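One structure below.
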């Protein structure tokens, strides 16, 4: 079945072997001890494109997809509107079949697009510099923690307990790799260690609520530590950006910016910082320069931070990252513009508050916090969330995240511009019918 | 060349999309101190966005544009229908935290892919989580660290790598708190066994040995190496960047490796995306299974579920890795089957050896023996005329080819690393070979044309020193201060 992708015919293979001066391909493999070669591989037999499209179609149909189900689930992956133009641009094969732009002269498309990306991300976050993107929001946060330790020459990081618990786990993996340590800080307490390299806070936090970031910036800086802020990029359509409240490093999950929810990946980590920390930044960075004729052009720059130049002294091991998703975010932000991103944020905000208000009127239900929130919030239910989500699923709705292990009978709900009033009303009606007893 | 940027075509009132009106009663506004002030993003119409990015795409060179023999990167053709299946709503429009019973298709695909990758590599289990090769390396070395610590062997703080290794190898080792010990290659291009023997002490946690190595050579000492490493209590790990040489023929597990990290975007044909997304699954033998990054997919009473290994080295990303990439790799494997995989590696090896034989009269070949899927030349014969490998690479662009990897591996002076892959025809290889021969002649007769190359590209050689010394990393200064010059707007390409 290889013929479509292996163009050499038997005849040309024969000619090539002759030119090489051997009789068979086996002769080319003489350095591999015989006993390791031609071993048995227990794999399913090959199938044609048509057969496989049918088979994969069947597999895909086993999944409940969000074209068919209304969705009130967020918690790190979000369903937002993606203008068609995004997909059409990133499906241009000049973009997606290229590799990292090592050869700048024939990679100006990728390089200029990354320069636009870095610019748009700086505008959105109010931060001074952005890299070309990381794997996802959680690894961006983890690399930020490590970067802070290297900048501050301290071996301890603090994470607020309202940060996404999975992010805390990923930060833990990266920080402990370097033999640094991590501490979780109770948001209700004023006690925290002072010898930390950074304080990591999420805005809005994992439960959707808006934190007082000025307070945390002050606290971090009082300790001589950096403030690492994890933000929702869509929220920045209306909320104060990290650059305005003193964040030293700001990271985000970039998936809401034009990337399909895709069962958790491929995603994109936004990574920005203050200019003074530029040379400690992980990942690729693109800069503007000129060619020998003085014409403007773009190159990968600050490469002495990187593994392919600096090896064991590199700031990170990033090689292949998520360039195509950074392109998607670029097209998305260009398409929405400043009005669009604000409008999306407002739609999320108002619809989420409408849903919360309607749910709070239901007997037995309450909205948990008095803090302001953006597009996610916690509801306490009269019966077990598991039962509620099962009932919702039966009605074609993916319910919120069951957080009852940590908070009794609670669900973290997410409402975006994708949820129509009709959907919200249906959600409320079904919840209303589930009163327990 | 596309000189203008988005702000140059931005104008108040333009927009690239339409959004629905608010269909609920508006809520009370947030307190003013939480709200951001006016900010700037470009305002551009949809048609301008499409033309702008289409113009940018035309400045790029991808595998679909032509031959892309970037050594170590396995730039093979990316089958089109893979894009279609990865975009099916049941894969692309599924929330990662949906109840498992509503994502059984996605989980079945992951479960089977784990199995296939274990089988292909002769390993016992696989985690698909790492999001790129470098993160896979990081995951492997975290497992190495945990494995030794779990056995109470706490002094193993060194990772041994050959001098030909990828830059990610030492960088990943440092991320796991290890020190790096480098071992030179011998005059055959293999690892210097005596030197290896000398450094393999009780402080060494693992040897990371790319196989075939980055010179494109299979190290015939592999059995002795594996025996030595294990006798000394260390583990043997593969950077699987070069699996395309062995696919369907040889299993890393049989060679004595304890673990391997793969690159689905190299070996398994998923597109490189201009620098990602990739995926870097890790496959291990039984003694490392408990340490794999979380989660794995398993089958329990007929239902697919996620589990976390007993002593997992932890989470590496928010969810399960780059699922979209997994779908494409799965499609590729099922299409090829075992025999197809072997044809892939056989043809990759044939193509590389063909280039080697045809070009060795013209370029210095530091290790003249049968190569595997890639061949490394040196540009040092051309240096007599003041021509460097960089000039040769740049000149290739004028001939319509993507240059090979250059100045890597580091143990070859003026290295030119060519990896043709199996997806190229003899005709393409012949055209490339002819271009390389023509360039070798030019280096003799007219070196200036190489020094000033490329001549036919959208831009000429760019000033990297200036870019690094006076970093200009975004236009956002313009948006806030409105100071950016607007005189550079050019619409022709």
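Out of curiosity, is residue B:181 in contact (Cβ under 8 Å) with a residue 24 or more places away in the chain and in contact with a strand residue (DSSP E or B) (Cβ under 8 Å, 6 or more places away or on another chain)? Spelling it out, it is not the case that residue B:181 is in contact (Cβ under 8 Å) with a residue 24 or more places away in the chain and in contact with a strand residue (DSSP E or B) (Cβ under 8 Å, 6 or more places away or on another chain).
Per-residue answers, yes or no, for (1) more than 8 Å from chain A (Cβ to nearest Cβ); (2) loosely packed, with under 15 Cβ neighbours inside 10 Å; (3) in a helix (DSSP H, G or I); (4) in contact with a helix residue (DSSP H, G or I) (Cβ under 6 Å, 6 or more places away or on another chain):
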| site | (1), (2), (3), (4) |
| --- | --- |
| B:152 | yes, yes, no, no |
| B:155 | yes, yes, no, no |
| B:181 | yes, no, no, yes |
| B:202 | yes, yes, no, no |
| B:211 | yes, no, no, no |
| B:217 | no, no, no, no |
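Every test in (1) touching a helix residue (DSSP H, G or I) at 6+ places or on another chain (Cβ under 7 Å); (2) assigned to a loop (DSSP other than H, G, I, E, B); (3) assigned by TED's automatic domain parsing to the domain that holds residue A:234 is passed by residue A:111 save one, and that test is (2). Here residue A:356 does not fit the description of being within 19 Å of the chain's Cα centre (by Cα), at pLDDT 95 or above and part of a helix (DSSP H, G or I). For residue A:105, only one of the following conditions fails: (1) assigned by TED's automatic domain parsing to the domain that holds residue A:262; (2) on the phi < 0 side of the Ramachandran plot; (3) under 27 Å from the mean Cα position of the chain (by Cα). What is its number? Unmet for residue A:105, out of (1) assigned by TED's automatic domain parsing to the domain that holds residue A:262; (2) on the phi < 0 side of the Ramachandran plot; (3) under 27 Å from the mean Cα position of the chain (by Cα): (3). Filtering the stretch B:225-235 for residues that are within 13 Å of chain A (Cβ to nearest Cβ) and under 27 Å from the mean Cα position of the chain (by Cα) leaves a non-empty set. Beta carbons closer than 7 Å, at least 6 apart along the sequence or on distinct chains, pair a first residue in the stretch B:95-114 that is under 22 Å from residue A:388 (Cβ atoms) and more than 8 Å from chain A (Cβ to nearest Cβ) with a second that is assigned to a helix (DSSP H, G or I) and modelled with pLDDT of 95 or more for B:100/B:107. Against the list (1) part of a helix (DSSP H, G or I); (2) at pLDDT 95 or above, the condition residue B:384 fails is (2). On the stretch given as the stretch A:367-407, residues that are touching a strand residue (DSSP E or B) at 6+ places or on another chain (Cβ under 7 Å), away from chain B (no Cβ under 13 Å), farther than 22 Å from residue A:212 by Cβ and exposed (fewer than 15 other Cβ atoms within 10 Å of the Cβ) total 0. Can you work out which of the residues in the stretch B:405-427 that are within 11 Å of another protein chain (Cβ to nearest Cβ) and at positive phi is modelled with the lowest pLDDT? Ranking the qualifying residues of the stretch B:405-427, first place goes to B:407.
The single residue among B:172, B:164 that is in contact with a strand residue (DSSP E or B) (Cβ under 9 Å, 6 or more places away or on another chain), more than 12 Å from chain A (Cβ to nearest Cβ) and either under 19 Å from residue B:261 (Cβ atoms) or in a helix (DSSP H, G or I) (or both) turns out to be B:164.
If you go through the stretch B:12-36 and keep only what is loosely packed, with under 14 Cβ neighbours inside 10 Å and closer than 19 Å to residue A:350 by Cα, you end up with B:18, B:20, B:21, B:25, B:26, B:28, B:29, B:31, B:32, B:33, B:35. Here residue B:262 does not fit the description of being buried (at least 24 other Cβ atoms within 10 Å of the Cβ), within 13 Å of chain A (Cβ to nearest Cβ) and farther than 27 Å from residue A:173 by Cβ.
Tallying residues that are surrounded by fewer than 24 Cβ atoms within 10 Å (Cβ to Cβ) and either touching a residue at least 60 places away in the same chain (Cβ under 8 Å) or more than 7 Å from chain B (Cβ to nearest Cβ) (or both) within the stretch A:315-340 yields 1. Checked against (1) more than 24 Å from residue B:218 (Cα to Cα); (2) part of a loop (DSSP other than H, G, I, E, B); (3) facing another protein chain (nearest Cβ under 9 Å), residue B:145 passes all but a single condition, namely (2).
Consider the stretch B:351-367 and keep the residues that are crowded, with 24+ Cβ neighbours inside 10 Å and facing chain A (nearest Cβ under 7 Å). The one that is nearest to residue B:147 (Cα to Cα) is B:353.
Checking the condition more than 7 Å from chain A (Cβ to nearest Cβ) and out of contact with any strand residue (DSSP E or B) (no Cβ under 9 Å at 6 or more places or on another chain), which residue from B:66, B:71 passes? Going through B:66, B:71 in turn, the sole match is B:66.
Of all residues in the stretch A:268-314, those that are within 7 Å of chain B (Cβ to nearest Cβ) and under 23 Å from residue B:270 (Cβ atoms) total 3.
The values are calculated or read from the model by the stated rules, or taken from the named source; none is laboratory data. From a predicted model like this one, the values you see are computed outputs, not experimental measurements. Backbone-built Cβ (ideal geometry, glycine too); neighbour counts: all protein chains shown.
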